[in-house]
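To start, the structure under review is shown below, and the notes come after it.
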Amino acid sequence: MKLSNIEYPQRTQELAILLNFYLMQIKPIDMKPIGLRDEYYSVMAYLKIVSQLEKLILSFVYNGKLERKEEQNIIDLLYDIYKQGDGRFKLGEIPALAMELTESQMQAINVILFGQLHDIAKVRLDSDYTTALFQLYRVWHNKFKRVSHKESYSDFIKKRNNFILQNSFPVLENFKTDFWVSRDQRITKLQSTFDQMFASRNSVKVLCVNLFAPQFNGEAQVAAFDGEAQIVFLNEALKKLRTEMRKQEHYLGLFYKLEYGVDGHFFYFCVVVFENSKSLAIRDLYENVATVWQAIYMQSHSLDPQVKPRLAEFLNSKLYRTATLQAGVISRSGPSYAQFVRTTLAYIANAPHLLQILYREDVCAEEEPYDRADKPREIPKKAITPRKPKKLEHHQENQSLLQALKLKNVFKPLQKDILDIGLCYEHIPYIYRSYSQNILNFTPAMIRMEVAVLLAPVWIRDPVMNEGKEIKQNDWGGLVQDEPQEQKSIEILLQYAEFMGPRVLCFIAAFLMLPRQQYSPVYGYSLYKTALHQKIRELMALPLKLFKEQIKGLVDKQLMPVAVFTKLDSLLTSQRFHTESLQDWLKVQERVKKRSFLRVDSYVKKLENEQNIYREVEFSITVLKPQALKPIDTLLKNIIDHFNKTHPQLIGYVGYWHLQQVDEQKIQYIATLTFYLDERYIESTGTESWFEKLKYQAELRLGKKTKALHIDEIEVKQIDNLMEYVGSFQSRFNKKPHPRRYTSSLLFALMHRDLYWMHTAVLQKQILIRGRTGYKKRTRKKTKKQV
């Protein structure tokens, strides 16, 4: 039977969310008082039974049967019902059990979950649930004995289980299906109110808080403030809260539910809705509610100033922004809206009916548990001004790379990507100084290959076309050289395989996979470029797993060095390794690196203000060749972070790792770091002794790990005249002198270098070495003048 468009797995999950959150709400803050722990855990055990029961009922109602595994689950469930019912809830003492009543003659049974301990109020389970639980309890309680002593135990258990299943199915089948329809109707009613709060807005901000009644320590005060006093206070305070919140400019409304904890205290759970204003953060909205509730609290009770409760004692600061309940920014068109309606609003709508609070035999539940601002302010529609994208220096005017590659028919988004490639290769000679001349020699070939692989997936036409007696090639065909020339370039590049990026290696792999000596001289030129174009498209569309297997095949045939597979195996990691293609992986990397670049760029701009100066330090650590960089990187960062926190003249730092081959047995890891110092502090002290202290700390702590990290030599030095050296390799895109040490373009190249030119041994999740932004503001101590 189909209840609605909502499938039963979703319904069972929603009930589990509701019950889990309810357990969070009723849990005592202090479990030490006698009996609280036992009562809370017995409620937890019983609600677990309820969750499992609904899962089985829904499966039976939707599918008309239970799977074999579910049949075993219902047998286990009946045992749990019998154990809990016979122990904690005394179902065995109900008179109806001893009477042989038919199912139609049985009356609804109320199971009290908790409340007897304090005898202020009680919480009972919905009668539909409790009736089903009692009926299943009777099924297990019925005596079922062996017919004969000759009957084996396994046969007895099998018959007994069949008997239990046959008598349990009618209970599941007779469960009222309008039970879930009523639930959905209550949710829909609150959803309609929530939509009215939206009005013409696209999104709102939602805050979830618990509003507590006063807490007292003295016995006389506690006795005077009993359950009735708590409810009276909360009801009056909630009315005042609604009145005061309507005066708030951004307030749209609230939803609320009375809660009763295992510790015997009442409180309100409130979901407050505000406009999604950029000027107000979630924390600001929380403080607004806290301030209003505090004022109501203090006006209602004149307390001794010494025992005046703190804000945290009567307003819960926890924001329910987890998988339990949805809060925060709710967008009408996003998934957060549906999740908010089916979890947060569902809790307000249905929890009072599923878990009923009984106070003086009356059920505490409201028909309209919400407040809405009288006239929600409509937001006047304004002309939308598109946000200007962040410009990098090389994006403004330069088109020389596109002209050099003779690319005329490329869309603007792809032109931007091509300029990014050119920018990164412009900075690589400076980043890897020891290989600068080699890189400059074959940079044009690498850029061609990068751009060819970038365009291949979107370039559908064949690169070379035969038009009558004339052979014409388009822009993509112009990126590829003749086969002998390309072969020569590839042989040179493979000598630096451990540095190459994934696009260049993809181009080389596609070239090496082409069959040799297959084409006639007349058509060879045309078919070679077309076949290469098609092979690149195939490799880019392969899942990472299969792409690596293709590379491994070339390595096994000795067409590529082992270093190629090692590099790609270290670089191409993904949680969707079996399904994500190389093209998709590169797109993800671009998005991730863009966010990282913007954060780093913002961090460096804050450091490079007019009151800071910078100094360059180079850490050279020579190790035996198998030693990995990661433990050395971790140790060096710890040294610098500690130094950064303890020396007031040091404001922050940023830098990067590179590598140099010493000989066949040794390699040198080199960290080039820029330290930013407070210029005023340096001028007042007249010394830069900070470097000697940093050098001492680095050499001391790294020296202690010499054996463990296979360190052969440690050298820490300042770099003089660095800007002159940088100028010799500075990008031709940056013709104007720039006062910054790290331009945006240089930072962009550093963040992306693992996609273009970066040694396998230096590959790390964190590309840059950078300081933290959470250090306390440094102030100089004022010295008293001597009289």
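A few remarks follow.
- Cβ-Cβ under 7 Å pairs, at least 6 apart or on other chains, region 575-594 side surrounded by fewer than 16 Cβ atoms within 10 Å (Cβ to Cβ), far side charged (D, E, K, R) and in a helix (DSSP H, G or I): F577/K545; H578/K545
- Residues satisfying the stated conditions in region 107-134, i.e. modelled with pLDDT under 75, of a type outside the set (A, V, I, L, M, F, W, C) and closer than 16 Å to Q84 by Cα: N110
- For the residues K765, K707, the requirement of being modelled with pLDDT under 85, assigned to a loop (DSSP other than H, G, I, E, B) and not acidic (D, E) singles out K765.
- Of all the residues in region 742-762, those that are in contact with a strand residue (DSSP E or B) (Cβ under 9 Å, 6 or more places away or on another chain), assigned to a helix (DSSP H, G or I) and within 15 Å of M446 (Cα to Cα) number 1.
- Some residue of region 436-451 being within 42 Å of the chain's Cα centre (by Cα), touching a residue at least 60 places away in the same chain (Cβ under 8 Å) and part of a loop (DSSP other than H, G, I, E, B): no
- Test: residue in region 274-284 that is of a type outside the set (G, A, S), crowded, with 18+ Cβ neighbours inside 10 Å, modelled with pLDDT of 85 or more and in contact with a Leu (Cβ under 9 Å, 6 or more places away or on another chain): yes
- Some residue of region 671-680 being modelled with pLDDT under 85, charged (D, E, K, R), more than 31 Å from the chain's Cα centre (by Cα) and in a helix (DSSP H, G or I): yes
- Residues within region 156-165 that are at pLDDT below 80 and loosely packed, with under 13 Cβ neighbours inside 10 Å, tallied: 1
- Filtered by the rule that a residue be touching a Leu at 6+ places or on another chain (Cβ under 8 Å) and either of a type in the set (A, V, I, L, M, F, W, C) or modelled with pLDDT under 85 (or both), region 342-364 gives L345, A346, I348, A349, A351, L354, L355, I357, C364.
- Pairs meeting the criteria (first residue in region 26-48 and buried (at least 16 other Cβ atoms within 10 Å of the Cβ), second residue in a helix (DSSP H, G or I) and polar (S, T, N, Q), beta carbons under 9 Å, at least 6 apart or on different chains) are S42/Q84; Y46/Q84; L47/N20.
The values are calculated or read from the model by the stated rules, or taken from the named source; none is laboratory data. All values reported here derive from a predicted model rather than from experimental measurement. Here the Cβ is made from the backbone with ideal geometry for all residues, glycine too, and neighbour counts use every protein chain on show.
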